[in-house]
């Protein structure tokens, strides 16, 4: 299955948001700078994430976004689905493989893959990705120190 840029960027932005939200709302421009994702693209993604109750926003000076729920309660499948990213490995609709209302010869194989991918992404929490970043040493130094100190 090919996960497109929309789903990958949404997950990346959510990890960045979670890593940097310790001092209040996080601006999309700061996520854009750190992750090299277009600000207008992030605005589109965060509009969808907000409508799906994954993030909340604060307007005005000092405003930005923060997680609507704690990171352990957000799974990766929710993020991908929120930005309308179909988890579809069959490609039957776009390629016209299924004809006359009948599944193509390999439809059930790819549909099973879709279900397994969705299940896999459903059991991985945003918190697990954050912890992976902290363990790998790639999270920002201030974040690592804050985590060690229990803040």
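Each value in this text was obtained by applying a stated rule to the coordinates, not by laboratory testing. What you see is a predicted model; the values in this text were computed from it and never measured. Reconstructed Cβ throughout: ideal geometry from the backbone, glycine too, with neighbour counts over all protein chains shown.
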Would you mind ranking 58, 15 so that the residue whose beta carbon has the fewest other beta carbons within 10 Å leads the list? 58, 15
Going fewest to most other Cβ atoms within 10 Å around each Cβ, 117, 37 line up as 117, 37
Pulled fully out, how much extra length does the chain show between residue 113 and residue 69, if you take 0.36 nm times their separation in residues and subtract their Cα-Cα distance? 12.9 nm
Put in order of increasing Cβ neighbours within 10 Å, starting from the fewest, 107, 20 give 107, 20
Here the FRET efficiency for residue 59 versus residue 38, based on Cβ atoms and R0 = 25 Å and rounded to 0.05, is 0.70
